[in-house]
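First up is the structure itself, then whatever we jot down about it.
No value in this document is a laboratory result; all are computed from the given coordinates. If you're wondering where the values come from, they're calculated on a predicted model, not measured in any experiment. Virtual Cβ from ideal backbone geometry, glycine too; neighbours counted across all protein chains shown.
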């Protein structure tokens with residue numbers, strides 16, 4: 001049985017997945033710029049970015065109110081809003097939607113928090129099946145090196161501090177990301193990820209991504225995809241991926 | 001008669017939550033919009049407190065986490081059906097873990113104005129998949145009793161018109177876009193809701209109460225049913241030892 005609802009529309013949905021520090025955001029940003037430069041109408045959707053749900057998520061994080069279940073549900077609510085009012089209508093209209101993280105993030109992260117695997121898969125059953133799902137595979141130490149090297153303090157939930165894995169934030173982050181990595185690796189076969197070796201150079205990864213996009217979508221990109229009006233600035237409100 | 005029994009999850013245990021020490025009673029009042037649930041709950045609360053029980057009452061969209069967010073989302077015009085279902089489920093999860101369970105642990109009688117069944121009925125009335133929402137909401141505790149205040153749409157209409165005097169956008173299911181007329185939309189939407197609740201009666205062991213009766217009659221009926229739950233006989237002393245093992 002399929003995990004998601006098939007995409008029967010002319011637009012396309014491309015998503016990237018991987019643990020923090022895998023470089024996926026950089027890559028989907030480059031890919032979306034490239035697709036835009038080819039003249040396609042490209043939109044972008046980031047994990048946890050629904051304006052409707054933002055207030056509740058922010059409140060829950062600030063006051064550390066979440067349990068594994070309510071954390072999972074608020075992210076699913078956020079995702080549902082983006083699916084219903086953004087991604088679905090855009091794909092229907094023929095745009096290419098690029099998503100930085102998708103339901104797989106919940107499959108990995110929520111399960112790492114102790115939520116049931118089957119329960120969280122059912123939770124996201126309303127999601128549209130992506131045309132391509134890239135998974136950026138990276139060893140834990142490489143990803144941790146990228147993250148812990150050059151950023152501000154880790155956040156409470158990001159580091160899995162709510163699970164009481166360790167008293168030290170970095171140690172907790174390490175254990176938590178390790179669990180998430182295990183979940184990603186465990187589902188890679190089941191969900192049919194296109195796996196990118198994220199230890200390669202940025203340029204090489206991007207070359208591979210574009211090749212896969214052309215191989216998988218090649219012919220269907222020629223007709224049906226919505227193009228930007230000449231000289232127009234399609235979807236000015238579409239966000240761009242933060243570069244790590 | 002239903003024997004006092006340890007509370008259990010419907011289908012999905014909540015991660016990291018121990019329910020072996022839940023002592024109180026979980027009582028749910030369900031029913032469509034404007035059927036008179038809150039009137040009954042207010043009276044029940046008073047009565048139970050007079051009888052010496054500590055009572056917590058709670059209802060939809062009252063959580064610290066999501067209550068305000070839901071209100072804000074309903075004031076806009078972009079709240080989709082799946083988003084609404086999940087937002088209410090988030091609200092429910094927060095209340096279950098942070099309000100309802102702690103109260104049960106402390107031995108309270110918890111009176112709930114609408115449980116997962118209203119969330120499920122609204123989802124089903126909007127054409128969502130029944131099995132999907134049943135599984136999503138499967139982490140709910142099966143209550144000691146669910147009282148379903150049942151009536152027909154005509155009766156609801158008269159209650160709305162005589163009571164509030166106006167139809168509400170969401171209670172009329174205007175988001176379903178049956179048409180511009182709120183009365184007609186109310187009738188169609190509430191008919192669907194009642195049908196959805198009716199379909200849960202057996203599976204979730206609802207006690208059906210005729211809500212077209214006078215308020216006092218309904219109240220006495222609820223009192224009679226709640227007495228049968230033998231609230232007074234639930235003593236921690238008696239249950240502590242065997243209960244800890246029985247539920248794991």
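Take each residue of peptide B:163-169, count the partner chain Cβ atoms within 10 Å of its Cβ, and average: the result is 0. Quick one: of the DSSP bridges fully inside chain A, what percent are antiparallel, nearest 5? Here the share of antiparallel DSSP bridges comes out near 5 percent. Of all DSSP bridge pairs formed entirely within chain B, close to 5 percent run antiparallel.
As a test of the formula, what do you get for chain A when each DSSP H run with n ≥ 4 contributes -39,500 (n - 2.57) and the sum is divided by the residue count, at 222 nm and rounded to the nearest 500 deg cm²/dmol?
On the way: 9 runs with 115 residues, N = 244.
Using -39500 (n - 2.57) per qualifying helix, the result is -15000 deg cm²/dmol.
If you run the Gaussian network model on chain B, springs between alpha carbon atoms under 10 Å, then out of B:79, B:26, B:104 the most flexible one is B:79. With only Cα atoms counted, the stretch A:12-222 has Rg and Dmax values of 17.0, 54 Å.
Taking the DSSP beta bridges with both ends in the protein assembly as shown, the antiparallel portion is around 5 percent. Counting Cβ atoms of other protein chains within 10 Å of each residue's Cβ and taking the mean over peptide B:9-16 gives 5. Both numbers refer to the Cα atoms of the stretch B:25-233; Rg and Dmax are 16.8, 54 Å.
To the nearest ten degrees, helix A:103-112 and the longest principal axis of the Cα atoms of chain A are 10 degrees apart. Across the stretch B:42-105, Cα-Cα pairs more than 18 Å apart make up 48 percent of the total. The angle between the Cα long axis of helix B:153-162 and the main principal axis of chain B comes to about 80°, on a 0 to 90 degree scale. For the stretch B:1-67, the calculated P(r), taken from all Cα-Cα distances in 5 Å bins from zero up to the bin holding the longest distance, is 3, 11, 16, 18, 26, 16, 8, 1 percent. In plain terms, if you count all Cα to Cα distances in the stretch A:1-41 and split them into 5 Å steps from zero, the share in each step is 5, 17, 20, 19, 18, 16, 5, 0 percent.
Helical runs (DSSP H, four residues minimum) scored at -39500 (n - 2.57) apiece and divided by the length of chain B put the mean residue ellipticity at 222 nm at -13500 deg cm²/dmol.
Just order B:36-48, A:104-116, B:58-70 by mean Cβ neighbour count inside 10 Å, highest at the front, would you?
Working: B:36-48: 17.3, A:104-116: 23.7, B:58-70: 20.4.
Ranked from most to least packed, the peptides come out as A:104-116, B:58-70, B:36-48.
Peptide A:126-133 shows a mean partner chain C-beta count of 1 within 10 Å per residue C-beta. Extension gain for residue B:105 to residue B:45 (0.36 nm times residue separation, less C-alpha to C-alpha distance): 19.7 nm.
Simple spin-label estimate for residue A:215 and residue B:74 gives 5.1 nm between the two label positions (7 Å along the Cα-to-Cβ direction from each Cα). Axis of helix B:81-95 versus longest Cα principal axis of chain B: the two differ by about 30°, to the nearest ten degrees. Spatial offset of the stretch A:84-116 relative to the stretch A:177-219 amounts to 16 Å, using the alpha carbon center of each.
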